[in-house]
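Enquirer: Attaching a single structure in structure tokens format; questions to follow.
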Amino acid sequence: MTRDVAGIGLGLRYDLATELLERQPKSVAWLEIHPENYIDRGGRYQEMLELAREDWPVVTHGLSTCLGSAEPFDASYLKGLGTFLRDLEIPWHSEHLCLGGVDDRFFHDLLPLPFTEESAQMSSQRLIEVRDAIGVPLALENASYYAPQGPDGLAEADFVVEVLQKADAKLLLDVNNIYVNGRNFDFDPKAYIDKIPMERVVQIHVAGHFVRDDGLRIDTHGEPVPDDVYELLDYTLRKTGPVPVLLERDNNVPPLDDLLSEVDELWKIYRNATGIVDAG
Amino acid sequence: MLADRAKAMQRVCFGAEPSEADLELLGSRERWLVYRDLVRNRLNTVIGVALARTKSAIGEDAFGRAVDEWFDTGSPKTRYLRYVPSELSEFAIPIWQLTETPWVADLAGYEISAWEVRHGPRNPESVGEFAFDKKPVLAAAVKVLRLAYPVHERPTPKKGYEPKPTILCLYRDGNHKAVPQILNPLAADLLEAWRTTDQTVAESVQTVAAAHNTDIGPTFIEKLSTLITHFIQEGILLGGHSPPS
Ligand SMILES: [Fe+2]
């Protein structure tokens, strides 16, 4: 049995868990976790997840099942991941469209894939392989990147669409990543959104990012959501309809009330853009 | 093509010095150096948190050199960020044993053990009652450490630690923190026997007491029962399993 995920959610993170789990704010409709932080781990993380599941539906977002890597998957990891995910009764799991490791070594960061036919072919095959192994629906997430990977910035949208079609996959659409890439590679984020087949979008991410002195934007999830990203979310939700939206905040975590103000802002945009009045 | 790029990314991120040939293959030299910083900073952060006292004892430069050398020759095999400090320690502690003042390797071993206990696995879900005729079940995150220096004593003395053989049990308490407890040699051997052998409590007590030339008399039994009660109260000892008949 999966639990219904709708409206605005928040990433469950160690730094904000104590206050979040104590106060159980009603405006937070669901939570997202990174399975790598919980698999085979006891202590506070186990407790956080158990308490979270008492009050909220949970969705999972993977960090290390690299869709872009050339090496075969670790079958025992995928088996364990599948067991962990099925126990959580999640409606879908998501992973990044990126390269996370080489030769059984992990970067612990999301490195970019070139926007080529070869990458699209490999990533889509791997997506299917993971989806089959874990036994739950799998969405891919568009990533942020900092070094050019194609003829222009919008080529990324074509690349993402190609992988989605080849694998017949769902999409976790990260509007902050699109905005960051748009500013770093000089394209209109709305033109990117316009290329996405909206019927594939099952979830949306929003976050803030860091602007370096030289203007390069880094996807830190460590700043408040900027107005431009809120606006891009509004534009996106008007096309997708009421797709669940997650606020990602991983670093530089502020007091919970600051995050809840952002959640309220997201609800306002969500309701305005989708016409939903009673959720949350 | 993709595989060549991936290997170049790995060398650029983890190599001692990124090569111009790799940077040219990947394109956008400056942006790939951004990736190098991002990757290394994240790993350095978690390593610095796990080994904070070791880092301050050795100094940032020497500590950073060991981490850089590990990046260059190894880099993370684990997908779990929480295990990254353990992999670094496996590489760096033997180096620090040779290059640093003698207690530093003990301190690093103590810190990484505490980190592993704090972030260690879940306890088994169904455990029976403790009994002397059952095989004991320990918590998943319990370690016994045999140290030459009492590096668990804080703060680190300005002149460093004087030698003092110390046996510690590290376990996760009710607040999920790693807590050290001093053990005598017999208690430490018992705890290790409970983790590694298939003997019942009664059998392991006999084996360990014999190895220590200790009679199992009333005083011994009283001390043993105090120890077992304490282990159960602290969540170090969870209960027992009946041995297969
Ligand atoms: Fe995201």
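Read the figures in this text as sums done on the coordinates, not as results from a lab. From a predicted model like this one, the values you see are computed outputs, not experimental measurements. Cβ sites come from the backbone with ideal geometry, for glycine too, and all protein chains shown count toward neighbours.
Enquirer: Long-range amide H contacts for residue A:141: which residues qualify at under 5 Å (H placed 1.01 Å from N, peptide plane, sequence gap of 5 or more or a different chain)?
Expert: Amide H neighbours of residue A:141: A:95, A:96, A:97, A:172.
Enquirer: Rounded, prolate or oblate: pick one for segment A:144-212, where a ≥ b ≥ c are the square roots of the eigenvalues of its C-alpha gyration tensor, a/c under 1.5 means rounded, and failing that, prolate if a/b is larger than b/c, else oblate.
Expert: oblate
Enquirer: Mind jotting down the distance between the C-alpha centroids of segment A:128-157 and segment B:1-49, whole Å?
Expert: Cα centroid of segment B:1-49 versus Cα centroid of segment A:128-157: 20 Å apart.
Enquirer: Same structure, new question: With a sphere of radius 14 Å drawn around the Cβ of residue A:140, what net charge do the other residues whose Cβ falls strictly inside it have (Lys, Arg +1; Asp, Glu -1)?
Expert: -2
Enquirer: Would you mind telling me which residue in A:32, A:141, A:54 has the biggest mean-square fluctuation in a Gaussian network model of chain A, where springs connect alpha carbons within a distance under 10 angstrom?
Expert: A:54
Enquirer: Right, another one. Of A:71, A:95, how do they rank once you tally other Cβ atoms within 10 Å and put the fewest first?
Expert: A:71, A:95
Enquirer: Still on this model: Sort B:241, B:119 by Cβ crowding within 10 Å, fewest neighbours at the top.
Expert: In increasing order of surrounding Cβ atoms, one gets B:241, B:119.
Enquirer: May I pose another question? List the GluC sites (Glu not before Pro) in segment B:57-127 that DSSP assigns to loop (not H, G, I, E or B) and whose Cβ has at most 11 other Cβ atoms within 10 Å. Which are they?
Expert: For GluC sites (Glu not before Pro) across segment B:57-127 that sit outside H, G, I, E and B with at most 11 neighbouring Cβ atoms in 10 Å, the list reads B:125.
Enquirer: Calculate the length of the line joining the C-alpha centroid of segment B:143-196 to that of segment A:184-210, in whole Å.
Expert: Comparing the Cα centres of segment B:143-196 and segment A:184-210, I get a distance of 52 Å.
Enquirer: Could I ask something else about it? Can you return the lysines within cross-link range of residue A:195? Criterion is Cα-Cα under 17 Å, with same-chain partners fewer than 8 residues away left out.
Expert: Straight-line reach from residue A:195, under 17 Å: A:166, A:170, A:239.
Enquirer: Please name which of A:182, A:172, A:211 has its Cα lying farthest along the dipole of segment A:143-253 towards the positive end, using unit charges on Cβ (Lys, Arg +1; Asp, Glu -1) and the Cα centre as origin.
Expert: A:172
Enquirer: Further question: So for segment A:8-274, taking the charge dipole from beta-carbon charges (+1 Lys/Arg, -1 Asp/Glu), which of A:125, A:18, A:108 sits furthest toward the positive end?
Expert: After comparing all options, I get A:125.
Enquirer: Can you tell me the dipole magnitude for the protein assembly as shown around its Cα centre, using point charges on the Cβ only (Lys, Arg +1; Asp, Glu -1), in Debye to the nearest 20?
Expert: So the magnitude is around 1000 debye.
Enquirer: Show which lysines lie in cross-link reach of residue B:159 when reach means a straight Cα distance below 22 angstrom and same-chain residues fewer than eight apart are skipped.
Expert: B:55
Enquirer: Can I ask one more? May I ask which residue of A:232, B:213, B:139 lies farthest towards the positive end of the charge dipole of the protein assembly as shown, with charges of +1 (Lys, Arg) and -1 (Asp, Glu) on Cβ and the Cα centre as origin?
Expert: Comparing the listed Cα positions along the dipole, B:213 ranks first.
Enquirer: Using Cα centres only, tell me the gap between segment B:65-138 and segment A:257-274 in whole Å.
Expert: 42
Enquirer: Would you mind checking the tilt of helix B:103-118 against the longest principal axis of the Cα atoms of chain B, expressed as 0 to 90 degrees and rounded to 10?
Expert: With rounding to tens, the tilt is 80 degrees.
Enquirer: So if I place +1 on the C-beta of Lys and Arg and -1 on the C-beta of Asp and Glu, and nothing else carries charge, what would the dipole magnitude of segment B:1-102 be about its Cα centre? I want it in debye, nearest 20.
Expert: The calculation lands at about 500 debye.
Enquirer: To continue, here is another question. Treating the beta-carbon of each Lys and Arg as +1 and of each Asp and Glu as -1, no other charges, what is the dipole magnitude of chain B about its Cα centre, to the nearest 20 debye?
Expert: The calculation lands at about 540 debye.
Enquirer: Another question, then. Which shape class applies to segment B:6-111: rounded if a/c is under 1.5, otherwise prolate when a/b exceeds b/c and oblate if not, where a ≥ b ≥ c are the square roots of the Cα gyration tensor eigenvalues?
Expert: Here segment B:6-111 falls in the prolate category.
Enquirer: On to the next question. Just to compare against my own numbers: the Cα pair-distance distribution for segment A:198-258, 5 Å bins, whole % per bin, please.
Expert: Binned Cα distances yield the sequence 4, 16, 23, 22, 17, 12, 5, 1.
Enquirer: Please work out whether segment A:171-280 counts as rounded, prolate or oblate from its C-alpha gyration tensor, where a ≥ b ≥ c are the square roots of the eigenvalues and a/c under 1.5 means rounded, while otherwise a/b larger than b/c means prolate and anything else oblate?
Expert: oblate
Enquirer: Go ahead and set up a Gaussian network model of chain B, Cα springs under 10 Å, then flag whichever of B:86, B:56, B:113 fluctuates most.
Expert: Taking springs between Cα atoms under 10 Å, the residue moving most is B:56.
Enquirer: Rounded to the nearest 10 degrees, what's the angle between the helix B:185-196 long axis and the longest principal axis of chain B, both from Cα atoms, 0 to 90?
Expert: Roughly 70 degrees, rounded to the nearest 10.
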